[in-house]
Structures are given as C-alpha cells and as structure tokens.
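All remarks here apply to the structure that follows.
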Amino acid sequence: FRALGVISDRDILEHICYDMQDAQMLEMLKPCIDDGFVIQDREVALDFIGNRGTTTGLSRERRIRYAQEILQKEMLPHVSMAEGSESKKAYFFGYMIHRLLLAALERRELDDRDHFGKKRLDLAGPLLANLFRMLFRKLTRDVYRYLQKCVETHKEFNLSLAVKHQTITNGLKYSLATGNWGDQKKSMSSKAGVSQVLNRYTYASTLSHLRRC
C-alpha cells in the first residue's frame, strides 16, 4: 500500500476494513501493520520491492523506477496501466483483501475456483507479445554487454556483431516448435504444451485435434 502512495496505517485500514468498528477484522490485520511498521515512506517501499527483483546491482534510483514500472504495468493491469493509477489500484487491492478476510472470518462463501468466470485465458496475442518482450530484453542486454566490452578494450563498435538477430528468431522458433513457452535455457520454469503441431493424418484426426480444449 505504501508503494502505491497510501502511507498512514489508518488510511491502509480504511482501504481494507470498511467498518472501523469491526474488531475481528482489525485484529486479523494487526500483524500485517506491525510487520510493515519499518517502512513508513513510499520511496523506501519502492526500493524494498525493486531490491527483490530479477535485476541486481542497480542504483537506488533505478530500483525505484523498476518497482514503479512493475506496479504500473504488471500489477492489476486490468484496472489501469496508465501513469497516476496508483489510487485506483490501492482501492482494488483493498477490496481484494477485504473479500479474503470475509472468507477467512466465514462471513461469505469461498469462491468456486473451477468457475469459468474466474479463469484467466492466455490467448495467442499476449503470449507472443510476452515472449517477444522477453527475447527483445535479452537482445538489448547482449548489445549492452558488447558495447561495454568495446569501451573497455577500446575496440570499434560493430553493429552487425552487436545485434544478434538469431536471438529473437531462434527463440520464437523454439517456443512454437516445442511448445515450451519461455527462455530455452530455463525450460524447467517455462510453460509446456502451449503450441502443438496440428495433426494432419486424416480429416477426422484434424477435426478432432481442433476441437480439443
């Protein structure tokens, strides 16, 4: 909450607990408030998040910027991905926790996890976009390393050697051919069976394959 701009304990509680006289709900929230007492500033909260990201060794300003990008683009993207949407996301985040606490206090029934309305669909467009984004980031990192090496060794920068187009091409080919969606070197953590070779033995087998969920 503090990373989203909700600083004081009372404001955080008001986002979650709509009735400040609800002793049971406030009691359940007390350990969380106590744990977060060490962070009382938005920049400190953003630095705390950025320091636990995948990129290490960054300066404080870059860690804060990295955390802001995660909160803006990756956290609750259906609410908003625009700048200045922290307040909307804080209210929705509070609403989520409120529903969770109501279920924990047995005041409402648990959601049906098998309900299709609560399923997330990974469609072809977003899947390919995320894969391309990951491969493009890898390409930019390789170019950065090559440029750094040229500066350190006082060599001339060669653009054709720096930009390895095979990074994106081979990455897309690998994922579409094997169905392992993600980095080839991290195949254990990537999604399996995302793409499949369409069965073309007979018309019936093709139709059967297309109708599978």
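Looking across region 157-179, just one residue is hydrophobic (A, V, I, L, M, F, W, C) and touching an Asp or Glu at 6+ places or on another chain (Cβ under 8 Å), and that is Ala162.
Reported count of residues in region 79-133, each being small (Gly, Ala, Ser) and surrounded by 10 or more Cβ atoms within 10 Å (Cβ to Cβ), is 8.
Hey, among Leu110, Leu128, Leu139, which residue is closer than 24 Å to His15 by Cα and outside the structural domain of Asp47 (by TED's automatic domain parsing)? Even if it seems obvious, please write down each step before you answer.
Details: Leu128 fails: closer than 24 Å to His15 by Cα; Leu139 fails: closer than 24 Å to His15 by Cα.
Going through Leu110, Leu128, Leu139 in turn, the sole match is Leu110.
Please determine, by comparing only the residues of region 75-122 that are in a helix (DSSP H, G or I) and more than 26 Å from Leu26 (Cα to Cα), which one is nearest to the chain's Cα centre (by Cα). First the steps, then the outcome.
Let us first name the residues in region 75-122 that are in a helix (DSSP H, G or I), namely 86-104, 116-118.
Then keep just the ones that are more than 26 Å from Leu26 (Cα to Cα); that gives 116-118.
Values: Phe116: 22, Gly117: 21, Lys118: 18 Å.
The extreme case among them is Lys118.
How about region 34-45: which of its residues are closer than 14 Å to Ser8 by Cβ and surrounded by 13 or more Cβ atoms within 10 Å (Cβ to Cβ)?
Our first condition is that a residue be closer than 14 Å to Ser8 by Cβ; within region 34-45, this holds for 36-37, 39-42, 45.
Hits for region 34-45 are Gly36, Ile39, Arg42, Ala45.
Checking each residue in region 8-31 for being exposed (fewer than 15 other Cβ atoms within 10 Å of the Cβ) and among the hydrophobic types (A, V, I, L, M, F, W, C) picks out Met20, Ala23. If you check Leu71 against the conditions, is it exposed (fewer than 14 other Cβ atoms within 10 Å of the Cβ), in contact (Cβ under 8 Å) with a residue 60 or more places away in the chain and not hydroxyl-bearing (Ser, Thr, Tyr)? It is false that Leu71 is exposed (fewer than 14 other Cβ atoms within 10 Å of the Cβ), in contact (Cβ under 8 Å) with a residue 60 or more places away in the chain and not hydroxyl-bearing (Ser, Thr, Tyr).
Within region 148-168, residues that are free of Cβ contacts under 8 Å to residues at least 40 places away in the same chain reach partners that are part of a loop (DSSP other than H, G, I, E, B) with beta carbons closer than 9 Å, at six or more positions or on different chains, in the pairs Lys149/Lys155; Cys150/Glu156; Cys150/Phe157; Cys150/Asn158; Val151/Phe157. Count of region 146-169 residues, restricted to those that are part of a helix (DSSP H, G or I) and either within 24 Å of the chain's Cα centre (by Cα) or loosely packed, with under 12 Cβ neighbours inside 10 Å (or both), is 11. For region 12-49, the tally of residues that are outside any helix (DSSP H, G or I) and free of Cβ contacts under 8 Å to residues at least 60 places away in the same chain stands at 7.
Looking at region 184-203, is at least one residue surrounded by 12 or more Cβ atoms within 10 Å (Cβ to Cβ) and farther than 24 Å from Gly125 by Cα? Among the residues of region 184-203, not one is surrounded by 12 or more Cβ atoms within 10 Å (Cβ to Cβ) and farther than 24 Å from Gly125 by Cα, which makes the answer no.
The values are calculated or read from the model by the stated rules, or taken from the named source; none is laboratory data. Note that the structure is predicted; figures quoted are calculated from it, not measured. As a convention, Cβ positions derive from the backbone with ideal geometry for all residues, glycine included, and neighbour counts pool all protein chains shown.
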